[in-house]
1. How far, in degrees from 0 to 90, does helix 27-40 lean away from the longest principal axis of the Cα atoms of the chain, to the nearest 10?
2. Hey, can you rank 259-269, 245-255 by average C-beta count inside 10 Å, highest first?
3. Between the helical axis of 106-123 and the dominant principal axis of the chain, each derived from Cα atoms, what acute angle in degrees is found, rounded to the nearest 10?
4. Where the centroid of each part is defined by its Cα atoms, how far is region 48-77 from region 262-317 in Å?
5. Of all the C-alpha pairs in the chain, what % are more than 29 Å from each other?
6. What is the P(r) of region 129-196, as percent of Cα-Cα pairs per 5 Å bin from 0?
7. Compute the FRET efficiency between residue 25 and residue 213 as 1/(1 + (r/R0)^6), taking r as their Cβ-Cβ distance and R0 = 30 Å, and round to the nearest 0.05.
8. Once both labels are modelled 7 Å past Cα along the beta-carbon direction, what's the residue 195-residue 311 spacing in nm?
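Each reported figure results from applying straightforward, stated rules to the coordinates on display, with no laboratory input. For clarity, every value in this text was computed on a predicted model and none was experimentally measured. Reconstructed Cβ throughout: ideal geometry from the backbone, glycine too, with neighbour counts over all protein chains shown.
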């Protein structure tokens, strides 16, 4: 391993029961779930471990639930004595990266992403916005199609540039539907509407960004102890005030995940450790560059397997 990045998943990775095995077996992980419950004033951990799924899927619950799970797993990962060279997270996951880099306290992050979820849900009336995954399209041609549709029909913009051949668009219901129908103009093989509660990472989220700016302005933030690769710029950032500004921009800007991964690889990162529920980011990273190692630590079993592999590497070096 030359250089290591810790990466954290975002909304969509949630699953009822996530992190429960580590809650039951690791004191540090357990304390994080308990801290999240205390910070929010209700038993978020009950929703995480037992559902129901409809309750966990509510954006206001999903965001703090994913953050609590990722940081709980991070507590268990810390026992492996690995120091990442960079941290990054996909959308909501960026807040996990900021906790890992000591920019904000875990409790502040839990409360902030709960509020962020509320602001995002309130920004656009239900049914007025949407998102769709565009598969196989050329990036520049899709950007041009979005511009054309936005002028003719309704706002639609690139929201997540995930990996080669996978881009998510977001915007008005009419704009997104037009891209679904006209995706072939951008070379798309398929366009799949997503089940989401709003047009995230589009300019329609401006009301949410404005409210989040007020919340973040009152938050104590420190310069990062580890370089954080920001979604908005796909570049590293250390200064607290720049991070604060980028978090506001992130709500209305595309998540440049493919670019972020490529940038880290260009800095010498050859091992990505995904910390949190699911395996989505590891899959995306391998599509950016199949030569790098991408490991998902989402359970006690996955942690123990990675620990054994790490021990073997250390023993042989």
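1. Here the helix axis deviates by roughly 50 degrees.
2. Most protected by this proxy first, the peptides run 245-255, 259-269.
3. Computed tilt is about 20 degrees.
4. The two parts, judged by their Cα centres, are 21 Å apart.
5. Tail of the P(r) past 29 Å holds 34 percent of the pairs.
6. Final binned percentages: 4, 23, 36, 27, 10, 1.
7. 0.15
8. About 4.1 nm, to one decimal.
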